[in-house]
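Engineer: Submitted below is the structure of interest, expressed as C-alpha cells.
Just so it is clear, none of the values below were taken in a lab; they were calculated from the coordinates. What you see is a predicted model; the values in this text were computed from it and never measured. Counting neighbours? That spans all protein chains shown, and the Cβs are built from the backbone with ideal geometry, glycine included.
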Amino acid sequence: MSENMTYREAVREGIRKAMQEDERVFMMGEDVGRYGGCFAVSMGLQEAFGPERIIDTPLSESAFTGAGIGAALNGMRPIVEIMTTNFSLLALDQIMNNAATLLHMSGGQFNVPLVIRMATGGGKQLAAQHSHSFEGWFAHIPGLKVLTPASVQDAYDMIALGLADPDPVLIFENSLLYNSKGELDTAATALPIGKALVHRSGKDLSILAYGINLFKALEAAETLAAEGIDAEVIDLRSLRPLDDKTIMASVKKTHRVMIVDEGWKSGSISAEIMARINEQAFFELDAPMRRVCTQEVPLPYAKHLEDAAIPQPEKIVATARELMEEL
Amino acid sequence: MSEFKMPSLGADMESAVLMEWRIKEGDTVTKGQVIAEVETSKGVIEIEVFEDGTVEKILVQEETECAVGTPLALIRSKSEEPEELPEKEFISSKIESSISQPKTDTPMQEPEQAAIKPTREEELPVQEESSSETRVKVSPAARKKAQEMGIDLSVLASRSEGAIQLKNLETSVAAKEKAPLLSGMRQAIAKAMSRSNTEIPHYYLSIPINMTPALTWLGELNAKRSIDKRILPAALLIRAVVRALEEVPELNGYWQNYNHLLSKSINPGIAIALRKGGLITPALLNTQEMSLDQTMQALDDLITRTRANKLRSSEMTQQTITITNLGDLGVERVYGVIYPPQVAIIGLGRITDSPWAENDALSVRKVMQATLAGDHRATDGRTGALFLDTLNQILQKPEELL
Amino acid sequence: MKMNLELAKTFYRQMLLIRRFEEKSVELYSNEKIRGFLHLYIGEEAVAVGVMHALNEEDAVLATYREHGQALARGVSAKSIMAEMYGKLEGCSRGRGGSMHLFDAATRFYGGSAIVAGSLPLAVGMALADKMMKRKRVTVCFFGDGAVAEGEFHESLNLAVLWQLPVLFVCENNRYAMGTALALTESETDISKKAAAYKMTSVQVDGMDVIEVAKAAEKAAADIRTGKGPAFIECLTYRFRAHSMFDAELYRDKAEVKEWKEKDPLTVLQNILEKKKIWADIDLGKLEKEVSAVIDEAVEFAENGTLEPVSDLEKFVYSEEAVQ
C-alpha cells in the first residue's frame, strides 16, 4: 500500500520503525532530540522514544562518532547523525581509522555495525564551508559502505538496509530533497545495497546519477525526449559498492554514457565510474564518456554563481546533445 | 660463537655508522649491556648485546658505516669452549639495501571478492536485450584509422575474433597481399576505372589554347583587388568550361541504360589531390548560376572542405562532368578516363611557354593543351570538337566570364 | 586490598613477564624478525599490571600502540602477541595489525591504536552500550600524556561525565609525548586536574608502584560499577627506553633516565616485599625460569607460524555474513 509523503517523513518513519523493532537501535547527534533535528527529520522521535534513545550530543563530532563506533562494537545498533557532511571532517579519524579498519585490522574479530547519516550537497547559498558533497570521497575507503537515497522509497528503506548491515554504512541525504514528495510503500521489498535502479529506460544514451541529481537528470531526459533523444536514466543508489552490472548493461545498450555528480570532478566518483566503464565496457563505447560535475571552485554564496557551479538540468541537456553529436 | 650484528632500529633504516666501541676484545659482556654506539639519521643510539659472553673479536672499526645486519663483532657465549678462529675475511663496509625478502614463494593468487549475497528475490526492471552480437567491437583508435584508410570494418570484423585494434588493421591488410595498402578509396577508384574502361567507348580530342590573353587579363584584374578577392586561374578555367557547356550541353549529363540524359545543372567534378594521397572529384554544384567570383569562392570552399573531410553526399554523387586539371604537376596533356555514368571528362594540361605560329609569325605564348575524352555512345567527335573550340573562343575573351 | 604472597607473586610475575618479553622484542626487532614500529613498555609495567588487577573478565580494555604490557597483563597469550609481531596468521590479529594493533575478542582486548587519543571515543561508546544494556561492566581506556593535547581527549571526558558512563580513563604520564616533554605542550601539566575540571573523579598515583596503582584502580572500578560515573587515574610513570626503537632520545637527559631507573617497578615491589618479609618466598630464580620458558615458547611459536594466504587479503574488509 502506497503513501505519498515527503523524503523527510520517510526518513523519520524509517528510523521510527527500526527503533520500534529493535531495542538496540538508538540515534545520537547534534540537536536530534529537543530541537527535532536540524532538518526536522527526528521531530517527535524523542517524545516517542525518550532521551536515552534519541540523544542530544555536544558539538563533539569526533567523540560522538567514535562513541557510535564503540557502542556498535559493544552490541548496540547506533545511528549517528552528523548534522551535515561539512562537519564529518571533524570525525574523519574515527570514520577512516576506526570504523573502516577495525574488522580487517583485527583479523575479522570485531565488526562495526554502525549507521552514520549526514545531510549533503549545496544549492542553498550557504557558501564554501557548508555546501560540500563528500559522498564520492568517502566511497574511496574500503571498509565503508556509502548510500545515496534519492527517492522517498529509498529514504525509508535505506535506514533498515544500513542497520541490517554488519559493517559501517554512511547514508548521504541531500538536504534539498527533504521537502520532496514521493510514493512510499512500506510493504515493498527493499532493493539491496549495491543495486542501481533504472528509472527511465532509453536507447540513445545512459545518464548515471545519484541523489538530487537523479531528478535533474530525469528533468533533462524530458527535455531531450522532446528533441528526439531517448535517454536512459539510472539512480546509482549506492556509491560503494557500485553496481557495475547495471552500469555496464546500460552502456552495452546505448553506447553513450554521461554521469552527473555533485562532487568536483577531480578524483571523483564520476572518475571512478568512467574508469570502470573503460575497464569493463571499452568496446561498447561509441563516444567518449562525459560528465557534469560541480565546477572546481569552493562554492560561492551569490545565487547566480552557485547555480553556475553545480550541476543543472540545462547542463545535463547540453552535455547529452554533445554526446549524441560526437563523431 | 655468535655474531653481533648491526641491528635494525627502524623500518626505514638501511645502515648506520659504528661510532664507538664501549668494550674491547676479551671483555665479558652481559645480556642487555650497551656495547657500542651507532650514528643514525636520527642521532646517536646505543646498541646492546643480547647474551652473556666474551667479546671474541671486533670485526668492524670505529667510524665505519655498515648496513643493517652486518656482523660487527663475534661473541663467544658463556657456555662455549674457546676455539681456533678460522682465517676469514670479514666485510667491513658494504652499503647494501637491508630490505629483507619475503620468505614465502607462494605465487600471487587471485583475491576473492567478498560478495554481498542478496537474501531475497528482487524484482528488477527488465532491460532490453542488447544488439551487441551484431555489433562490431572496435577500439576508438582503430575506428578512426579505419575511417581514414577507407577500410570496411564490418568486413574486417567478420574475419576477426574479439575486438579490432590498430594492429588488426595492419595485419588484415598485410594478409591480403604484399602490395602497399589498398585503401577503400583506391578500391573504389579501381572499380570505377575498370568499369569505365570496360563499358565506355572513349574518343579523345585535344586542342592547344592560347592562354596569354586570359592570364594577362586575370593578372590585371587581380592587381586591382585585395588578396582575398583574387581569382585563381583554375576558377577562370572552370568558369570557362561551364560557359562552354552551356553552349554544348550534350557533354553535361549521364549515360544510363542506353539513355543519354542531359542535366540542367552543371556540376563539374573537380579533381582534387588529397594530402594523404588519392584523388577525389567532388562537384561544384549549380555552377551555371555562378559568376566568376562565386565560382572562385565555391572552389575555395570545396577544396577546404575536401581537405577537412567535410563534403556533403550530394557533392560526391551529383557530378555531371569531370574536370581534371593536372597541369600543376607538369603534364601537358591529360587523356582522362570517364567516370561513369558521366559522358565526358575534360583535361587541362600545364600552361607552358610554347612557340606560337600566327599570321605567318612565330612567337611565344602561354599555351594550355585542353583535352576531351567523350563517351562515344552519347556523343561523337563532332560534339567534342565543338566543345573544345567553344572553350577556346571563350578563353580568348576572358572579360566576358565575369 | 590484601597484599598476600599469592598476589605478590602474581604482580611480580606479570611485571617480569612483560619486562622479559619486551627485552626479547628488542633483540628480535634488531634482527629484523619484528618490523614496523616497536614501542616498549619497559619501566611502565606497574601501570598495566595494577589496573588489570581491578578488572573482571567481562570488562573491556582499549590501549595504545605501547600495548604489549596491557595485552599480556590482560591475558592475551605471549604466543599470539609474538606471532602477531612476526606477521603470522597465528597472531592475534592474523598478522594484520603488528605491534600496534593487538586485538583479542576472548579477553575483550579492543586493540592498540596508532592514532593518539583515537580510542577514547571508542571507550565512551562501549561504555554507553553497557549503560544502555544495563551491564555492570567497566571499559578501561589507556592513553598517554600526549593524548591530553588532542581534542578527542576533552570531547570524550566531557561526554563520559555528561552521560555518566562507566569508563575508567587511565593516563600513563611518562612525561614525554614521543620527543616532546609535557611542560612544553601543556599549560597545565597536572593532568589529573584536567579531568577534575570536567567534574570527573580524578586521582594521581605513583605509577612505579604496582600496589598503589592496583589500589586506585580497585576503588575506581568499584565506584564505576555502582554507577558513580567515570573515573580518571593519572599514573606518574617513566619509560626507560626510547619512544620507539628508532629514537636517539635527544630530548631527554641521561641523568633523568638513571634517576627513574632507580624506581624500577620490579625493584619497588621487591623492596616492599622485602619489608614485608615475603620476598624470599617469591623465588625469583623460579619465576625467571618460568617466564623465560613462556617467552621461548612464544618465539618458537612465532618462528614456526604460517603466513596468511595472499588470496585472503580482501577477507574481512566487510563481514561475510550478517552478524546478529
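Engineer: Just report the Cα centroid separation between the stretch C:9-87 and the stretch A:246-310, whole Å.
Structural biologist: Using only Cα atoms to place each centre, the spacing works out to 51 Å.
Engineer: For chain A, give the magnitude of the charge dipole about the Cα centre (Cβ charges: +1 Lys/Arg, -1 Asp/Glu; no others), in debye to the nearest 20.
Structural biologist: Taking the Cα centre of chain A as origin, the dipole is about 240 debye.
Engineer: How many nm separate the modelled label positions at B:Lys191 and C:Lys277, each set 7 Å beyond the Cα in the direction of the Cβ?
Structural biologist: 12.0
Engineer: Tell me, what is the percent relative contact order of the stretch A:1-54, built from C-alpha pairs under 8 Å that lie six or more residues apart?
Structural biologist: Details: 43 pairs, mean separation 16.9, N = 54.
Once normalised by length, the contact order is 31 percent.
Engineer: Dipole of the protein assembly as shown, Cα-centred, from +1 at each Lys and Arg C-beta and -1 at each Asp and Glu C-beta, to the nearest 20 debye? Present the calculation step by step, with values, prior to reporting the outcome.
Structural biologist: Numbers: 115 positive and 152 negative charges, 580 e Å.
The calculation lands at about 2780 debye.
Engineer: Counting only helical runs of four or more DSSP H residues, what would the 222 nm mean residue ellipticity of chain A come to if each run contributes -39,500 (n - 2.57) and the total is spread over all its residues?
Structural biologist: -10500 deg cm²/dmol
Engineer: Which order do peptides A:25-31, A:196-202 fall in by mean Cβ count within 10 Å, highest first? The partial results should precede the final answer.
Structural biologist: Details: A:25-31: 22.4, A:196-202: 19.3.
Going from most to least packed, we get A:25-31, A:196-202.
Engineer: Along each principal axis of its Cα atoms, how long is the protein assembly as shown end to end? Whole angstroms, biggest number first, please.
Structural biologist: Projected onto the principal axes, the Cα atoms of the protein assembly as shown cover 150, 89, 54 Å.
Engineer: Treating cross-link reach as a plain straight distance, find the lysines whose alpha-carbon is under 25 Å from the alpha-carbon of A:Lys145, omitting any fewer than eight places away in the same chain.
Structural biologist: A:Lys17, A:Lys195, A:Lys216, A:Lys245, A:Lys265, B:Lys117, C:Lys315
Engineer: When a/c is below 1.5 the answer is rounded, else prolate if a/b is larger than b/c, else oblate, so apply that to the stretch B:185-401 with a ≥ b ≥ c taken from the square roots of the Cα gyration tensor eigenvalues.
Structural biologist: Oblate, since a/c reaches 1.5 and b/c is not below a/b.
Engineer: Once the Cβ-Cβ distance between B:Gln318 and A:Ala40 is put in as r, and R0 is 60 Å, what FRET efficiency do you end up with, to the nearest 0.05?
Structural biologist: 0.30
Engineer: Based on alpha-carbon centroids, what's the gap between the stretch C:240-290 and the stretch A:10-58 in Å, whole number please?
Structural biologist: Using only Cα atoms to place each centre, the spacing works out to 53 Å.
Engineer: Which aspartates and glutamates, on any chain, are close to A:Lys124 with Cα under 13 Å apart, when same-chain ones fewer than 8 places away are left out?
Structural biologist: Leaving aside aspartates and glutamates fewer than 8 places away in the same chain, those within reach of A:Lys124 are A:Glu306, A:Asp307.
Engineer: Shifting gears a bit: Work out the mean other chain Cβ neighbour count within 10 Å for the residues of A:105-118 and drop it here as an integer.
Structural biologist: 6
Engineer: What FRET efficiency comes out for the pair B:Gln147/A:Glu296, r = Cβ-Cβ distance, R0 = 25 Å, nearest 0.05?
Structural biologist: E(calc), rounded to 0.05, equals 0.15.
Engineer: Enter the Cα centre distance for the pair the stretch B:346-386 and the stretch B:276-290, rounded to the nearest angstrom.
Structural biologist: 22
Engineer: Anything over 22 Å Cα to Cα? Flag those among B:Lys31/C:Lys33; C:Lys2/C:Lys134; C:Lys2/C:Lys286; B:Lys5/C:Lys258; C:Lys136/C:Lys193, in the order listed.
Structural biologist: As for pairs spanning more than 22 Å Cα to Cα, those are C:Lys2/C:Lys134; C:Lys2/C:Lys286; B:Lys5/C:Lys258; C:Lys136/C:Lys193.
Engineer: Can I ask one more? Tally Lys/Arg at +1 and Asp/Glu at -1 over every other residue whose Cβ is under 10 Å from the Cβ of B:Thr30; what's the total?
Structural biologist: -1
Engineer: Residue farthest toward the positive end of the dipole of the stretch C:61-185, with Cβ of Lys/Arg at +1 and Asp/Glu at -1: which of C:Thr139, C:Ile115, C:Met100?
Structural biologist: The residue sitting farthest along the positive end of the dipole is C:Thr139.
Engineer: Arranged from highest to lowest average of other beta-carbon atoms within 10 Å per residue, in what order do the peptides B:244-251, C:9-16 appear?
Structural biologist: C:9-16, B:244-251
Engineer: Taking every DSSP beta bridge with both residues inside chain C, roughly what % is antiparallel (nearest 5)?
Structural biologist: Beta bridges within chain C, antiparallel portion: roughly 10 percent.
Engineer: Moving on. What does the average come to when, for each residue of peptide C:142-155, you count the partner chain Cβ atoms lying within 10 Å of its Cβ?
Structural biologist: Average per residue, whole number: 2.
Engineer: In the stretch A:158-195, which residues have a backbone nitrogen under 18 Å from the label point lying 7 Å from A:Asp244's Cα in the Cα-to-Cβ direction?
Structural biologist: Under 18 Å, as judged by backbone N against the label point of A:Asp244, lie A:193-195 of the stretch A:158-195.
Engineer: Which value, in debye to the nearest 20, describes the size of the charge dipole of the stretch C:5-295 about its Cα centre when Lys and Arg Cβ atoms bear +1, Asp and Glu Cβ atoms bear -1, and nothing else is charged? Intermediate results must be reported in sequence, preceding the final value.
Structural biologist: Working: 39 positive and 41 negative charges, 147 e Å.
Using Cβ point charges on Lys, Arg, Asp and Glu, the stretch C:5-295 gives about 700 debye.
Engineer: Based on the Cβ-Cβ distance of A:Glu23 and A:Met1, what FRET efficiency does E = 1/(1 + (r/R0)^6) give at R0 = 30 Å, to the nearest 0.05?
Structural biologist: E between A:Glu23 and A:Met1, to the nearest 0.05, is 0.65.
Engineer: As I understand it, the dipole of the protein assembly as shown uses +1 on the Cβ of Lys and Arg and -1 on the Cβ of Asp and Glu, about the Cα centre. Which of B:Ser314, B:Trp356, B:Thr30 lies farthest toward its positive end?
Structural biologist: Checking the options against the dipole of the protein assembly as shown, the answer is B:Trp356.
Engineer: Same structure again: Which lysines have a Cα lying under 22 Å from the Cα of B:Lys397, excluding residues fewer than 8 positions away in the same chain?
Structural biologist: In chain and number order, the partners are B:Lys224, B:Lys229, B:Lys366.
Engineer: Sticking with this structure for a sec: Ignore the peptide's own chain and count Cβ atoms of other chains within 10 Å of each Cβ in A:136-145; give me the average, rounded. Numbers along the way, then the final one.
Structural biologist: Working: counts 0, 0, 0, 0, 0, 0, 3, 3, 2, 2.
For this peptide, the per-residue mean of nearby foreign Cβ atoms is 1.
Engineer: Given labels modelled 7 Å from the Cα in the Cβ direction, how far is it in nm from C:Asn56 to A:Phe282?
Structural biologist: With each label placed 7 Å out from Cα toward Cβ, I get 6.3 nm.
Engineer: Right, something else. Where a ≥ b ≥ c are the square roots of the eigenvalues of the C-alpha gyration tensor, would you call the stretch B:224-318 rounded, which needs a/c under 1.5, or, failing that, prolate if a/b is larger than b/c, or oblate?
Structural biologist: Oblate shape, in that a/c is at least 1.5 and b/c is the bigger or equal ratio.
Engineer: What nm distance separates the two modelled labels at B:Ala385 and A:Leu59, each placed 7 Å from Cα along Cα→Cβ?
Structural biologist: Going by the 7 Å Cα→Cβ label model, 10.6 nm.
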